[in-house]
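**Q** Dumping the structure here so I can ask a few things about it.
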Amino acid sequence: LQEEPVRSSGTETNPSWSVGDFTRAPFRVYSDVEIYALEQERLFQGPTWNFLGLDIEIAGPGDYKVTYVGEASIIMVRALDGRINAVLNRCAHKGAVLCYKPRGNVREFNCVYHNWVYNLDGALTGVAFRKGVGGKGGVGPDFDAAQHGLRMLRVETYKGLVFGTFSGETPSLNDYIGSELLASIDRVFIKPLKVLGYHSQVLPNNWKLYAENNKDSYHASLLHVFHNTFGVVRPNMGGGIKISPSGWHHLSYTERTPPNNDETGREKVRSLREQYKLQDPSIMEHRLELGDLITNSIQTIFPNLIVQQILNCLAVRQLVPRGVERSELIWTVLGFEDDTPDMLELRLKANNLVGPAGFISMEDGCVGGFVQRAAKADPNAMTIMPMGGHAIEPSEGSRVTEAAVRGFWKAWRSCMEI
Amino acid sequence: MTSAFDQKLLLRLRIEVALADYMHTIDSDRLEDWSSHFTKDGRYRVTTRENYDHGLPLCLITCEGGAMMNDRIIALRTANIYEPHVYCHVPGALRITTVSESFVSSESTFIVVRTMSDGAMDVFACGRSFDTFDTTGDNLMFRERTVVLDSRQIHTLLVIPL
C-alpha cells in the first residue's frame, strides 16, 4: 500500500492511516470539528444519494416535508405537476428558512422575512417592493430573478423511497445502489406502504458511530443481550452479509432455520440466561409475509439510510448529524396499506423490539456515546476493524465480520478524499 | 350525607393518590411492582404528540396486560444495557374527563427529570397522561395509561417506564 499522510485541511496528519487501509481509523474522526465541516461539503453535499423521505408522505400537489441532507434543511415537495422536487430550505435573499413547520401544503414558498416568493420548482417569482414605492427604492436594473432561485437537488425515487443529491457527479440511483441491493429493497417493499408513526432518538455521538453500528453485524448478539437472554437469535443462525460492488452499501440478514444442537456461537456470549422466558411471547410473533424465512434484515444505503425488517417491524431510519458529537435518528415505521386490524396490532406489539425503547435496539442509543466519550482521550489512536480480515466482501452463513464497516470507511475516504 | 362537591373532591384525591403511588414506585426503583398498579389486562402505552395528534398508531412502548409489563422489567434488569439513571416524576395539572360507575378517566400533565449516575440531569420527558382507572376496589388501578410525550425526541434511550 502506498503510504500517504492524511489530507484533511488543517487537521493533524496521521501517517499510519495509509490510503486503502480500511481496517482502521483515528478516533479524531469522531470529534474533529474541521473533519465534521468537511463532511457536510464533501460527503453529504458530495457524490452521495441521501434519503429524504417517502413519496407517500407528500401525496398531493403542494404537500411538503422538511428533511435533512447532513445538517442542511431540505424541503421535499410535490410540485403541481406531480413530480417530486427537493430544494435547500433557505431563501436566496437573506437566507431565512422558507418552511419552518415540519410539514404542510403550499402553492408556493413564501419567505416570511421579506416576502420573496418561489414556485414549487424553486424559481424566484416575486420580490416584495421590487420596483420600490412611489418610484423610489427597489432592486437595480441589473437584478436578474433567474439568478436567484432556490438551490435544487437532483431527485430520484426507488419503490417510494425519495433520494436527493447536491452533486452532478453522483451516478444514477440504480447504479449507486447496485442491482443486488435494489433487489433487497424490492423484497421488503412489495406493496403500497402506510406510515404507522415516527420516532426520533437523539444519540450522544458523532453520526458515523451510528452508521458503523448498523453495518456491524458482529455486535448484534453480543451487545443486544435480549436476543440471548430470551433465546431469540444466535450468531449461528442462518444468514449472511451482502455488500454492493462499490463496498458502500450493505445488507445483513438472519434466516429462520430448523433447530439444531450446534453449540458453537453459544459459548462466551455474555449473559446467556435461558431460564428467562417471556411471560407474553406475543411480541415475538412473526408472520412470514415477504415470501422467505428471513427474520431480520438490516440494509444500509450510504450515507444516511437504513431499511429495516425485524420480524414484521418494517421501518426506514434516517441518520442526521446534529453537530460533531450529536446525531439524530428519525424512524419512520411502516406497515402495508392492506394490513388487516389483526396484522396492524401484531406490528404495533412487535415494535416493542425496536425504536428508542426497543428491547433489541435501545443499546445502540448509548453505545455510540460510550465510544464518543473515550475517543477524546487520545484522538490519534486508532479504532480497528479486524474481524473477517481486510476484505470488503460478502459473507454467506456468517455475520461475524466487520467487512461492511470497512465498506463504510471506503465510502467515507472516497468522498472525503482522505 | 356527602355533597356532590365533596364526592368530586374525594374522587380527585383518590386519583392523585393513585398517580403519586405510581410515580413513587417508579422513582424509588420498585419496578417489579410496576404492573401491580394496573388491572390484570390493563394497557400501557407511551407515544408522542406527533403520532397521537395525527392519529398514527405507533407507540414507543405498547404493553397489553401485566405479563408484557413484567417482561419489560425482566429485560431491564437482566438483558438491556444502559447507564444507570433515575427519574423524578413531577405531577402537574389534573383534570377529570369522564366519571362512570366503575371507572374514571383523567388527563394530567407531568415532567420527568432524569439524573445519570455521574450527576448529569436533564428534563427527560414532558407531556400528558390519559388515564382510565378502575374505581371498584379500595385503591384505583389503571385500566389504561397512555403517556403522550410533547417531544418526538428521546434522548439516548427509554428503558424505565414513565
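No value in this document is a laboratory result; all are computed from the given coordinates. Note that this is a predicted model, so its numbers are computed, not measured. All Cβ positions, glycine included, derive from the backbone under ideal geometry; neighbour counts span all protein chains shown.
**Q** Could you list, in sequence order, the residues of region A:290-328 that are within 22 Å of A:Met416 (Cβ to Cβ) and aliphatic (A, V, I, L, M)?
**A** Across region A:290-328, the qualifying residues are A:Ile301, A:Leu305, A:Ile306, A:Leu319, A:Val320, A:Val324.
**Q** Answer yes or no as to whether B:Asp134 is more than 27 Å from A:Trp207 (Cβ to Cβ) and either in contact with a Cys (Cβ under 7 Å, 6 or more places away or on another chain) or more than 11 Å from every other protein chain (Cβ to nearest Cβ) (or both).
**A** Judged against the criteria, B:Asp134 is a match.
**Q** Are there helices (runs of 4 or more DSSP H) fully within region A:157-245 with at least 2 residues that are within 14 Å of the chain's Cα centre (by Cα) and more than 14 Å from chain B (Cβ to nearest Cβ)? List them.
**A** It comes to A:207-215.
**Q** Looking only at residues in region B:43-67 that are within 20 Å of A:Ala350 (Cβ to Cβ) and of a type in the set (Gly, Ala, Ser), which one is nearest to the other protein chains (Cβ to nearest Cβ)?
**A** Ranking the qualifying residues of region B:43-67, first place goes to B:Ala67.
**Q** Conditions first: (1) surrounded by 18 or more Cβ atoms within 10 Å (Cβ to Cβ); (2) closer than 13 Å to A:Met416 by Cβ; (3) touching a Ser or Thr at 6+ places or on another chain (Cβ under 9 Å). A:Glu57 passes all but one, so which condition is the exception?
**A** Among (1) surrounded by 18 or more Cβ atoms within 10 Å (Cβ to Cβ); (2) closer than 13 Å to A:Met416 by Cβ; (3) touching a Ser or Thr at 6+ places or on another chain (Cβ under 9 Å), the lone unmet condition for A:Glu57 is (2).
Yes/no matrix, rows are residues, columns are (1) closer than 16 Å to B:Glu107 by Cα; (2) in contact (Cβ under 8 Å) with a residue 24 or more places away in the chain; (3) surrounded by fewer than 21 Cβ atoms within 10 Å (Cβ to Cβ):
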{"site": "B:Ala4", "(1), (2), (3)": "no, no, yes"}
{"site": "B:Arg14", "(1), (2), (3)": "yes, yes, yes"}
{"site": "B:Met23", "(1), (2), (3)": "yes, yes, yes"}
{"site": "B:Asp33", "(1), (2), (3)": "no, no, yes"}
{"site": "B:Asp53", "(1), (2), (3)": "yes, no, yes"}
{"site": "B:Leu56", "(1), (2), (3)": "no, no, yes"}
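**Q** Six or more apart or on different chains, Cβ atoms under 6 Å: show the pairs whose first residue is in region A:345-374 and more than 9 Å from every other protein chain (Cβ to nearest Cβ) and whose second is in a loop (DSSP other than H, G, I, E, B) and of a type in the set (Gly, Ala, Ser).
**A** These pairs meet every condition: A:Val354/A:Ser361.
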